[in-house]
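The structure appears below as structure tokens.
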């Protein structure tokens, strides 16, 4: 197996941050570092981190980005490129306000910088020798994206390492969960748009696609297509 997906639950919201490494090239991307940046930084000490990708800019997915980038600077390591969608910039700009509303300190969750690379026009992202397809899946957040890996050479590590007999991989953010979907009662959420995103972008993937969600355990496209109460 040449792709390792390590999940670490972080933040007050028990969010699944992910570290994905192409073990052939030792290149890594960090997905949704919502908090506990120091811990995540230690976890990538032996790899070359080329990018940080945000599925969206909600507090629990983006709140640790600024601290994480500072750690790269302080260690004199090359700063990874930050990728996310332009429609989520406005959410990221108010993340510290959200933190205060939840009763958290702004030092716990900070506004991320604007992206180095807008993900809007990208159909794929390359990590070392591996390619991930980018799908635009608004609804939970206006600029939400997911990443799909159309190969079976991956293994899971860390939290939620159940592979569920799957041979494809979806990093789903907060679109689709085991038996549930992303909430749409937050600012700029849209329920009908989320359902449309799931049905047209995600449920068209193979049933044997492993769904690594932003919260909670893994599931599969087949399981959610047939039994998710929000989709049936």
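Readers should treat all values here as calculations from the given coordinates under stated rules, not as data from a laboratory. These numbers were taken from a predicted model, which means no experiment stands behind them. Glycine also receives a Cβ, built like all others from the backbone with ideal geometry; neighbour counts cover every protein chain displayed.
Evaluate the Kirkwood expression for the hydrodynamic radius of the range 105-147, namely the inverse of the mean inverse distance over all pairs of different C-alpha atoms, and round to one decimal in Å. With all distinct Cα pairs of the range 105-147 included, I get 12.5 Å. Taking the DSSP beta bridges with both ends in the chain, the antiparallel portion is around 60 percent.
Multiplying the residue separation of residue 12 and residue 73 by 0.36 nm and removing their Cα-Cα distance gives an extension gain of 19.4 nm.
Would you mind classifying the range 116-232 by shape? Square roots of the alpha carbon gyration tensor eigenvalues, ordered a ≥ b ≥ c; an a/c under 1.5 is rounded, otherwise it is prolate if a/b is larger than b/c and oblate if not. Oblate is the answer for the range 116-232, as a/c is 1.5 or above yet b/c matches or exceeds a/b. Listing 51, 188 from fewest to most neighbouring C-beta atoms within 10 Å gives 188, 51. Placing pseudo-labels 7 Å out from each Cα toward the beta carbon at residue 193 and residue 123 gives an inter-label distance of 2.4 nm.
The Cα atoms of the range 3-227 cover 46, 42, 31 Å along the three principal axes, with the biggest extent listed first. Report summary: the helix-based calculation at 222 nm, which adds -39500 (n - 2.57) for every DSSP H run with n ≥ 4 and divides by the residues of the chain, gives -5000 deg cm²/dmol. Using the Cβ-Cβ distance between residue 25 and residue 204 with R0 set to 22 Å, the FRET efficiency works out to roughly 0.15.
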